[in-house]
Amino acid sequence: MLKKTLFFLFFIFTLIIPLQNILAQEASTVSVYFFWGEGCPHCEKEKPFLEKMREKYPELKIHEFEIWNNADNRQLMIDFGKKLNTNVSGVPFTVVGEQYVIGWLDEKYTGKKIENAIQCSINNHCVDIGADLINPDLNSKNQNNTVLEESSLIPETMTLPIVGEIKTKNLSLPLLTIILGALDGFNPCAMWTLLFLISLLLGMKDRKRMWILGSAFIIASATVYFLFMAAWLNLLLFIGFIVWIRVIIGLVALGGGVYNLREFFVSKQSGCKVTGDEKRQRVFEKLKAITQKQQFWLALGGVIILAAAVNLVELICSAGFPVVFTQILALSSLAKWQYYLYMLLYIFVFMLDDLFVFFVAMITLQMTGISTKYTRFSHLVGGILMVIIGILLIFKPEWLMFG
């Protein structure tokens, strides 16, 4: 009887030890949830790093979800964001335990943050928030538990119509910002209003009033542009994971490019086509009445309101430059403050021609303007650039991703 009892206890013991090892191994597993987009260069750079982490930490289990072509994965990423109480504004989006990282810079910065989160989860057995969010069936269909090798690298060179071969590593978001801002700045729809305002200001005896009213027009113009671009950017960051939104904006860019090229070859006049002579004359009359008001604050308020209205019209006339630029920003993996900094740079370059005309007129008390040949040239360059950007947005958006 004693032998049977000892044998039974030994048998139970031999079962418990492996079971404990299995449970301990299961408990020590740390999950990394990696959300990425097909063609995203930042995502491709993070994949080899995660593979290194998987080899370095055997207890690591990596789940990856492609979100641009899979609505279920995209919704899962949004659910992760809600549980983490954050607005996920781009990919790559990496979650470890209760910590997350948006974007990818390099292994020294972003990689270090991810590894610290992994070590923290291993050492402290952090809560796995994804365990309750992932549907097992969905998990098996839409993700792999090991990270794939880097498969779709961005080519070092690309050949574009008219422009020829360029090196993709030389593409620069600051340079693109300056070029698009400058091309948009030659738009004639607001310049004619500023020129007429200056002609009215030059007839005033009060130099201080001249400077204030003119500066108010320029500042109001820049503010309207900034507010529009900021609102549009935040909308794109909110819905930017939807592929057809990017395609529509790509088509807008193509349409704007074709329009600009047509204007260069067909129209010898570079005036604003949105506001005809009759509408322009009404604006002139309103502007003249506003500036001649005796009460300074009424004149100032009138100039600001008129500037806002004129620049809203100019947004239509700009053939999509601000919309396309904000789409490029939304594709890029940037900090929030960097988005707004690039928009400010764009608007500064956009306003340079207005600032030049205004300051020269105020200092010399003489009228000056920008020759229409430069406006026509901007139609050519802008048309080519917009067509290229439109094609890239539709077929190769990864070439427009910066960060």
Spot the failing condition for A330; the list is (1) surrounded by fewer than 19 Cβ atoms within 10 Å (Cβ to Cβ); (2) at pLDDT 75 or above; (3) touching a helix residue (DSSP H, G or I) at 6+ places or on another chain (Cβ under 7 Å), and only one is missed. (1)
Filter result (part of a loop (DSSP other than H, G, I, E, B), surrounded by 15 or more Cβ atoms within 10 Å (Cβ to Cβ) and modelled with pLDDT of 85 or more) within region 68-88: L84
Here is a list of conditions, (1) buried (at least 17 other Cβ atoms within 10 Å of the Cβ); (2) at pLDDT 85 or above, and E51 meets all of them except one; can you say which number that is? (1)
So which residues in region 325-348 are aliphatic (A, V, I, L, M) and in a loop (DSSP other than H, G, I, E, B)? L334, A335
Quick one: in region 23-48, of everything that is under 22 Å from I129 (Cα atoms) and surrounded by fewer than 17 Cβ atoms within 10 Å (Cβ to Cβ), which residue is modelled with the highest pLDDT? T29
Which of the residues belonging to region 63-104 are on the phi > 0 side of the Ramachandran plot and more than 22 Å from the chain's Cα centre (by Cα)? G97
Report, by residue number, each residue of region 89-129 that is in a helix (DSSP H, G or I) and crowded, with 17+ Cβ neighbours inside 10 Å. T110, G111, I114, E115, A117, I118, S121, I122, I129
If I ask for residues that are outside any loop (DSSP other than H, G, I, E, B) and in contact with a helix residue (DSSP H, G or I) (Cβ under 6 Å, 6 or more places away or on another chain), which ones from region 35-52 would you list? F35, W36, P41, F49
Just to be sure I understand, how many residues within region 334-366 are hydrophobic (A, V, I, L, M, F, W, C), at pLDDT 85 or above, under 13 Å from the mean Cα position of the chain (by Cα) and surrounded by 15 or more Cβ atoms within 10 Å (Cβ to Cβ)? 1
Would a scan of region 308-320 turn up a residue that is at pLDDT 75 or above, in a helix (DSSP H, G or I) and buried (at least 22 other Cβ atoms within 10 Å of the Cβ)? no
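The values are calculated or read from the model by the stated rules, or taken from the named source; none is laboratory data. What you are looking at is a predicted structure, and each value in this text was computed from that prediction instead of being measured. So basically every Cβ, Gly included, is an ideal-geometry build from the backbone, and we count neighbours across all protein chains shown.
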